[in-house]
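Encoded as structure tokens, the structure appears first; notes follow it.
The values are calculated or read from the model by the stated rules, or taken from the named source; none is laboratory data. Because the structure is predicted, anything quoted here is derived from the model rather than measured. Every residue, glycine among them, receives a Cβ derived from its backbone with ideal geometry; neighbour counts consider all protein chains shown. Ligands, DNA and RNA are excluded from the accessible area calculation, which covers all protein heavy atoms including side chains. Shrake-Rupley method; radii C 1.70, N 1.55, O 1.52, S 1.80 Å.
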Amino acid sequence: MLWVKAFHIIFVVSWFAGLFYLPRIFVNHAMASEPAEIARLKLMERKLYRFVTPIAWLAVGFGLWLWLGYGIGGAWMVVKFCLVLLLLGYHFYCGKLVKQFAADKNTRSHIFYRWFNEIPVLVLIAVVILVTVKPF
Ligand code: HEM
């Protein structure tokens, strides 16, 4: 079980690296005006999103293996699962934004993306407290 948990945490950390970095690229993209810079940011967004999506599924897969395979869980796990579904929703919304930016159809300001960038931080804090403290 510990090997499964180790890989779960490895993929969770890698997933969050992408979830923290991609919206930061959106902040820069929303402020960019130079065609060369915009082309570079589009390439970075597409490559990062394509790289981090399988990692998201591996993080969830190893988590489900721990939960359903080893029967680890409780009320905290149900709340955690709901937060992870929210995180998956956030992840795929980022995918939609990557397409919007690629088509030069972004309508939001860099201020919006600075606040948008904070959502994964709040989910991370809540999930790590739930899974280590198991308050209920
Ligand atoms: C569907 C998705 C997920 C499921 C089903 C899941 C399930 C689990 C389970 C059952 C454990 C073992 C808990 C224990 O041994 O006490 C665990 C450990 C852990 N999970 Fe997840 N998890 C998921 C996603 C995540 C995400 C997105 C994060 C990060 C925010 C996360 C962070 C952790 C951490 C840090 C541990 C290690 C806790 C410890 O060793 O005490 N998990 N997960």
* Answer with yes or no whether LYS42 is among the charged types (D, E, K, R), open to solvent by 50 Å² or more (accessible area, probe 1.4 Å) and either modelled with pLDDT under 95 or more than 17 Å from LEU122 (Cα to Cα) (or both). => no
* Residues located in segment 16-52, provided they are farther than 21 Å from ALA103 by Cα and either touching a strand residue (DSSP E or B) at 6+ places or on another chain (Cβ under 8 Å) or touching a residue at least 60 places away in the same chain (Cβ under 8 Å) (or both) -> PHE16, LEU19, PHE20
* To do: Mind listing whichever residues of segment 22-60 are part of a loop (DSSP other than H, G, I, E, B) and within 20 Å of TRP115 (Cβ to Cβ)?
  => ALA32
* Sort out which residues of segment 1-30 are open to solvent by 90 Å² or more (accessible area, probe 1.4 Å), more than 11 Å from the ligand (Cβ to nearest atom) and more than 22 Å from LEU86 (Cβ to Cβ), and write them in order of number. => TRP3
* To do: Looking for whichever is within 14 Å of the chain's Cα centre (by Cα) and under 24 Å from VAL131 (Cα atoms) here; the options are ALA59, ALA75. Which one fits?
  => ALA59
* To do: Quickly run through segment 72-99 and pick out the residues that are touching a Ser or Thr at 6+ places or on another chain (Cβ under 8 Å) and free of Cβ contacts under 8 Å to residues at least 60 places away in the same chain.
  => GLY95
